[in-house]
Amino acid sequence: MLCREATRPLDGELMLDHAEALSRCANGDRAALKALFEAEAGRLIAVAERILRRRDVAEEVVQDAFIQIWRKADQYSADRGSARGWIYAVVRNRALNVLRDGRREDLADEADLTRLSETANLHDDRVLDRLDATSRLRQCLQQLDEAKRRSLLMAYMSGYTHGEIAGRMNVPLGTAKAWVRRGLSALRECMG
Amino acid sequence: MTSTTTPMDGQNLLELADEYALGLLDAQERAQVEDALLHDDDLRRAVDNARDRFHELDLTAEPVTPSPHLWENIETAAAERVDDGPPLPSASGARTVTAANDNAVRRWRWAALAGIAASLVLAVGLLRMPSTTPSAAVIAVLVDEAGEPLVIVEDFGDRSTRVTPLVDVTVPAGQTMQLWTLPDEETGPVSLGLIEEPETMILDDGPQLPAPQADQLYEITIEQDGGSPTGRPTGEILGKGFAKQPR
């Protein structure tokens, strides 16, 4: 328990009201954009890097994403769900577009074994330990069997395709697709 | 006429939203979803929910220290934008505005928009099927007034059209369904053939028309047996849809 507390991901930036900052961005308040940058840029780069596996490309993606956030902040409203989630999605979408745009080969060049094994660690239960003990997502992921859980984590955290999941898990493509589909459907049900 | 909901549609929408949020779609599918998000409220809601479901995983990433120049670059770009005058393009600004007094058009437009999620699900499904059949020049998903998808129309541009009903439709005795398209305003609506039985069929005796275009209107009306006596649609409109080109 103590260990879990120590690695809880939430810290100082909880003080920031992301929705309010976005609304100030929409009104042209650059200080609000800076506040978002200071609170989130470090973690956003890490999220992009998990997908792209290169720090420099991850920083480019975050840079472009912040400009996008600035320009389309008025598209966010409270009925769109979590403001913080919306911000992370802008970065994730940008990273995934870069990844899916055929730049993957450049990206793979520098992936060495150490980093690949670090990536592999993202997909096991150590990730779940970093989620809050009361997290509904954590409970629902724990209810999935390991193959489905790992498939979903590979897709979300590392941007793996169905084919890459199948390759990494050493199963036919159809099996990987079925794991993902059933895992997603079970999660939807579990999380309501 | 009776039409029943196909329960798959809602399920497929949620699945598509999840796969988009997870990042499992390829570049083309991602672009299609992003287009549809601009005007499809159901899909947007599903994507918003999917995003929030997984967002906690983002927070497990260990923050790193950004390069010193990163904020400067962003600030410079943001400043340029403000100096450009009133920028901040919004999704709402891009929406099609229809004359408020044109209720019929408006209603149909909303219905057609509501059908976009369904057609997108179908389009992504089609993309994933191995292409063993000749591909259609355009595909339209015809929806009823409530936005419920009724029929897929695939126009091959060679006087043949495949019609695939998605729900059960009963036509009163002595009447028949007729498929129309509107190649352009000047030509007016043109009959592509009669749909005698609500089953998948190829209408292969259509008129010689210019190659079908994206956004071309297709619709089905209920006409007397043997088809409209005037050569133009006269009966109740069963479903309408605007064509898309398969990618």
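So the values come out like this:
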item: Those lysines that a straight Cα-Cα span of less than 20 Å connects to residue A:34, excepting residues fewer than 8 apart in one chain; result: A:72
item: Virtual spin-label span in nm between residue B:76 and residue A:182, 7 Å along Cα→Cβ; result: 5.3
item: Average beta carbon contacts from partner chains per residue of A:34-44, 10 Å cutoff; result: 4
item: Relative contact order [Cα under 8 Å, 6+ residues apart], segment A:13-109, whole percent; result: 33
item: Average beta carbon contacts from partner chains per residue of B:22-31, 10 Å cutoff; result: 6
item: Exercise: per-residue mean of other protein chain Cβ atoms within 10 Å, B:232-240; result: 0
item: When segment A:13-109 is reduced to its Cα atoms, the Kirkwood hydrodynamic radius in Å; result: 13.6
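Every number here is computed from the coordinates shown, using simple stated rules; none is lab data. What you are looking at is a predicted structure, and each value in this text was computed from that prediction instead of being measured. A quick note on method: Cβ atoms are made from the backbone with ideal geometry, for glycine too, and the neighbour counts reach across all protein chains shown.
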